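For reference, the structure is listed below as structure tokens.
We did not get these values from a lab; they are worked out from the coordinates using the rules stated. Source: prediction; values computed, not measured. Glycine also receives a Cβ, built like all others from the backbone with ideal geometry; neighbour counts cover every protein chain displayed.
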Amino acid sequence: MVVYGRYQEKSELDRVLDGARAGRGAAVVLWGDPGIGKTALLEYAAEGAGDFTVIGCRGSRMESGLAFAALHGLLWPLADRIDTLPPPQAAALHAALGHSGDVTDRFLIGVATLTLLAELANEKPLLVIVDDADWLDEPTAECLGFVARRLRAEPLVLLLTGHTDPAAGGPWEGLRALPVPPLTDAEATDYLHAEVPDADEETVRRTVRLACGNPLALRELPSRAADSGERQPVGPRLRRAFGARTARLSAAARTLLLVAAAEDRGDRGLLREAAGVLGAGEAAWEEVTRSGLLAVRDGRVGFLAPLVGAVVYEAAPFAERQSAHRALAQALRTHGTEEGLRAWHLAAAADESDEEVAALLERSAHTDRSRGGFASAARALGRAAELSPAPTDAARRLALAARAAWECGRVARAQDLLDRATRLVPEPRVAEDSGGLRGVIEFAHGDQERAHRLLLRHTHAVSDRAQAVELACLAVRAGWSGGSPERQASALCRVAELAAGAGMPEATLLPTLTQWWGGEDVTEQLSAEETIARLGAVSWQLMPPAPLAVAWGVERVLAEAFRRKAEDLRRMDAASALVLAVPQTVMVDIMAGRWTEAAANASETLKLATEIGADHAASQCRNSLAWLAALRGDEERVAELTAQSLELSVPRGVRALSAAAYWHRAKAALFAGRPQDALDLLLPLAETGHRAAHSTFALLAAADTVEAAVRAGHPEAGRPALRVLRAWADRTGAAWAVAAAHQSTALLVADRAEEEFRAALDVPGATDRPFTHARTRLLYGEWLRRARRRTDARVQLAEAADTFRRVGATPLLERALNEQELTGQQLRRDPGHDDAALTPQELRVARLAAEGLTNREIAARLLISPRTVGHHLSNVFPKLGVVARGELARVDFDNGMRLMS
């Protein structure tokens with residue numbers, strides 16, 4: 001086809017297609033005004049992709065409220081391939097496309113779509129075209145947005161068109177944008193001569209000036225080129241031009257056009273039936289076909305341009321639009337299919353309350369929600385509420401709409417819907433209908449003190465006792481997150497009331513829970529292993545967060561429980577739940593010296609948490625990555641990550657996250673040799689009322705506080721931290737606390753230093769935290785060197801340096817090497833930087849491949865495509881010095897990634 005001008009745009013599309021031929025995928029959004037030529041560029045790309053498989057779909061105003069309507073249109077040619085996907089993915093895609101009634105996860109649908117398209121692209125390059133993407137239903141848009149961000153290693157191109165710059169936000173934010181500008185005057189003149197060859201030069205000149213480079217305007221305006229008002233925008237002129245053309249048609253032909261505009265999908269059979277009901281028969285079809293305003297292409301009915309349909313629909317009186325929608329609803333009912341679409345046509349025709357239509361929309365929303373179409377469900381329920389005659393029904397539907405909006409990450413929308421419901425019925429009724437959603441949202445995104453109050457209030461409003469227990473558990477967590485033992489205690493009391501009132505057999509867990517969360521000692525308690533195992537069967541909300549578990553010394557048991565949970569979730573591809581489970585294991589991995597694994601899990605989960613809007617989980621991941629950056633001496637990265645975390649946590653009173661950020665900044669300063677800066681960051685953790693005050697983190701950071709105080713020349717500032725450590729060690733016997741108390745005593749009590757250092761190193765279980773153990777050796781070695789016991793110092797310093805080198809703790813390795821040189825040793829200064837280190841994602845892929853998983857299985861676990869897995873493995877093999885997949889089983893990923901014999 002001939003596309004006038006557009007040299008830069010055509011060149012860019014050619015480059016994108018060539019990249020896909022070389023295995024480099026891309027997603028591009030072509031955007032610009034209506035009629036500017038976006039569709040023509042899509043056709044140009046399709047014509048240039050003769051060696052590609054080409055599939056596509058188009059957004060539809062009428063189907064924009066139906067979950068996965070556009071995805072169904074895109075994937076129907078591939079329906080026979082769906083069952084070749086891994087079973088969880090196949091089941092999810094079947095559910096999304098309405099082939100089953102299964103409940104599924106929206107991210108699993110995205111993974112399944114990515115896998116399906118990637119495997120098709122492996123046969124030959126694939127071009128996916130999505131026209132009018134602004135009108136896609138939201139679940140399809142979310143799905144394609146997920147796919148678009150994971151195409152880099154695929155021979156696949158995704159082209160979309162829209163009217164707004166993707167940088168303005170929405171599902172295409174972050175994708176490559178290709179603006180389509182107006183034609184130049186010279187290009188416009190050439191185009192007009194080709195499209196309207198009999199136009200005289202004066203008409204051409206005036207039209208070029210009026211059209212402002214818009215190809216559709218150039219084609220439609222010549223007959224109106226004498227129109228005055230040359231400074232008016234193109235849009236009004238085009239609307240008048242199309243309005244004049246439709247006005248010249250017969251009443252029956254205009255009715256047919258209106259039915260086509262209302263239907264908006266191009267279903268020829270449905271249009272004929274509905275238009276026939278309104279008296280538009282064959283003569284009307286012939287008339288509109290001759291007019292050129294409506295045509296049949298590839299079996300679908302379409303307007304000359306989408307703007308024509310908009311003009312026809314907007315210009316029609318409401319009564320005529322009602323008739324068109326009712327005729328379409330009647331035709332759909334006759335066919336007995338697409339109840340959701342029929343509900344929307346009836347809703348478009350409604351001008352007053354209608355319980356029957358509201359009930360139809362609610363049923364449609366229930367179907368959408370079960371298929372993972374939460375955004376569509378929220379929209380349908382919102383419209384159902386508007387049509388509900390009874391305020392109680394309207395409020396219930398608004399509350400359910402809020403729940404659906406929350407589940408698809410639309411927090412502000414969910415809060416607005418809850419507010420509207422509360423204006424109709426009392427708050428307790430809204431809490432019952434929404435499952436205590438206002439408190440849940442506040443806990444996940446807002447102020448923790450307010451969340452605690454709301455959640456406890458909701459436990460009295462909801463009638464389902466199990467749901468009330470869940471809300472009370474969240475209230476316990478809100479108390480802890482906000483750094484308030486008093487709020488924790490009050491929520492625990494409510495949990496106890498509910499458990500006793502319900503006769504819960506798990507009530508025997510309450511004494512141990514009270515100790516863990518509330519800090520009260522009990523005479524009898526279950527083992528940590530038994531308690532955590534039973535908690536997993538009751539409520540994951542009751543499981544202690546990783547910092548609290550570390551404080552009590554049960555982190556290994558907790559980490560194993562969460563690891564098993566995460567593996568189960570990965571096998572089910574339940575991506576949304578992973579963001580809650582995985583961050584709990586990262587802290588334990590860091591303490592155990594599995595830093596590369598921790599970085600991989602934190603990075604993977606941060607990406608996922610950001611995509612679904614899980615703010616607190618994202619901040620947890622950022623804090624963990626900041627901790628690792630501090631250990632490795634990357635202060636710039638620490639500052640960047642903790643600033644992002646504090647920006648969210650401080651205004652919302654999430655002191656657990658704020659305290660963690662302060663602690664990791666302090667570590668970076670301490671390891672960089674700035675102990676006073678570190679002390680200034682650590683002391684606020686125990687300062688009542690400070691924005692980062694949190695007793696759990698003050699306890700965990702106590703040993704750092706003592707070291708910073710001593711090194712800064714203010715040992716008295718570390719004595720309160722030592723008292724806290726000793727008391728906790730005596731109370732719990734936790735190995736880490738006992739060792740930390742001995743180490744801190746050694747730093748503060750000079751005449752007992754050696755005895756205390758030796759005791760810290762000899763605590764059973766102390767070696768389970770290799771970095772912490774090595775720090776004790778470093779401090780002991782420094783003391784020995786200052787005591788002029790150089791030979792003894794070299795032993796401790798060499799052991800410390802070996803550990804620091806293995807885990808990549810660059811600043812402390814440098815410190816240990818400096819101390820060794822001060823003992824008189826001559827060392828080759830090699831901090832051990834490894835240019836061939838695996839990236840976090842490469843490590844994840846390598847570990848799973850070592851376990852024997854196939855590329856498809858690994859792809860399903862990591863939310864990427866099989867081809868991307870292969871790309872990562874091609875980088876992994878030379879870095880690890882292996883040549884075959886089977887050799888990965890011999891790699892010791894936890895100890896320098898050396899090959900084991």
* Dipole of the chain, positive direction: furthest Cα of 377, 741, 780, with charges on the beta-carbon -> 780
* Asked: Roughly what angle does helix 306-315 make with the longest principal axis of the chain, taking Cα atoms, 0 to 90 degrees, to the nearest 10?
  -> 70 degrees
* List the relative contact order of the stretch 691-806 as a percent without decimals, with contacts defined as Cα pairs under 8 Å and 6+ residues apart. => 16 percent
* **Environment charge at residue 155 (Cβ cut-off 15 Å; Lys +1, Arg +1, Asp -1, Glu -1)** => +2
* Quick one: net charge around residue 435, please, counting Lys, Arg +1 and Asp, Glu -1 for every other residue with C-beta under 9 Å from its C-beta. => -3
* Show the residues, 5+ positions off or on another chain, whose built amide H is closer than 5 Å to the amide H of residue 177. => 29
* To do: Compute the Rg/Rh shape ratio of the stretch 7-179: radius of gyration over Kirkwood radius, all on alpha-carbon atoms.
  => 0.95
* To do: Evaluate E = 1/(1 + (r/R0)^6) for residue 486 and residue 676, where r is the Cβ-Cβ distance and R0 equals 35 Å; express this FRET efficiency to the nearest 0.05.
  => 0.55
* To do: Taking H placed 1.01 Å from N in the peptide plane, check which residues at least 5 places from residue 891 or on another chain put their amide H under 5 Å from its amide H.
  => 900
* Between residue 427 and residue 466, what length comes free when the chain is fully extended (0.36 nm per residue of separation minus the Cα-Cα distance, one decimal in nm)? -> 12.0 nm
* Asked: Angle, helix 318-335 long axis vs. longest principal axis of the chain, Cα atoms, 0 to 90°, nearest 10?
  -> 80 degrees
* **Cα→Cβ-extended label distance, 7 Å offset, between residue 205 and residue 297, nm** => 3.4 nm
* Apply the Karplus parameterisation 6.51 cos²θ - 1.76 cosθ + 1.60, with θ equal to phi minus 60°, to every residue of the stretch 470-482 and state each ³J(HN,Hα) to the nearest whole Hz, in sequence, with x for glycine and proline. => 4, 5, 5, 4, 4, 5, 4, 5, 4, x, 5, 4, x
* So what's the Cα pair-distance distribution over the stretch 544-673, bin width 10 Å, in %? -> 14, 45, 35, 7, 0
* **Packing-based order for 74-83, 738-747, 33-42, using average beta carbon neighbours within 10 Å, highest first** => 738-747, 33-42, 74-83
* Asked: In debye to the nearest 20, how big a dipole does the chain give about its Cα centre with +1 on each Lys and Arg Cβ and -1 on each Asp and Glu Cβ?
  -> 1360 debye
* To do: Mind pulling the per residue volume of the convex hull built on the Cα atoms of the chain? Å³ is fine.
  => 192 Å³
* Structure fact -> One finds the C-alpha centres of the stretch 244-300 and the stretch 853-877 to be spaced, in Å, by 50 Å
* Counting only residues 5 or more places away or on other chains, whose amide H sits under 5 Å from the amide H of residue 149 once H atoms are built in the peptide plane? -> none
* To do: In nm, give the distance between the simple-model label positions of residue 392 and residue 289, each being 7 Å from the Cα along the Cα-to-Cβ direction.
  => 5.6 nm
* **Value of Rg to Rh for the stretch 840-899 (Rh from inverse mean 1/r over Cα pairs, i.e. Kirkwood)** => 0.93
* Label points 7 Å out from Cα along the Cβ direction at residue 8 and residue 890: separation in nm? -> 5.6 nm
* Asked: Quick one: Karplus J couplings for the stretch 242-247, per residue in order, coefficients 6.51, -1.76, 1.60, θ = phi - 60°, nearest Hz, x for Gly and Pro?
  -> 5, x, 5, 5, 6, 5
* To do: Using θ = phi - 60° and the Karplus relation 6.51 cos²θ - 1.76 cosθ + 1.60, list the HN-Hα couplings for the stretch 798-815 in order, rounded to whole Hz, with x at every Gly or Pro.
  => 5, 4, 4, 4, 4, 5, 4, 5, 5, 8, x, 7, 4, x, 6, 5, 4, 5
* To do: Could you calculate the contour length gain from residue 827 to residue 879, that is, 0.36 nm times the residue separation minus the distance between their Cα atoms, to one decimal place in nm?
  => 16.0 nm
* To do: Taking the Cα centre of the stretch 389-489 as origin, sum charge times position over the Cβ atoms of Lys and Arg (+1) and Asp and Glu (-1), and report the length of that vector in debye to the nearest 20.
  => 140 debye
* Apply 1/(1 + (r/R0)^6) to the Cβ-Cβ distance of residue 21 and residue 186, taking R0 = 25 Å, and write down the FRET efficiency to the nearest 0.05. => 0.15
* Asked: Given Cα pairs under 8 Å that are at least 6 residues apart, what percent is the relative contact order of the chain?
  -> 8 percent
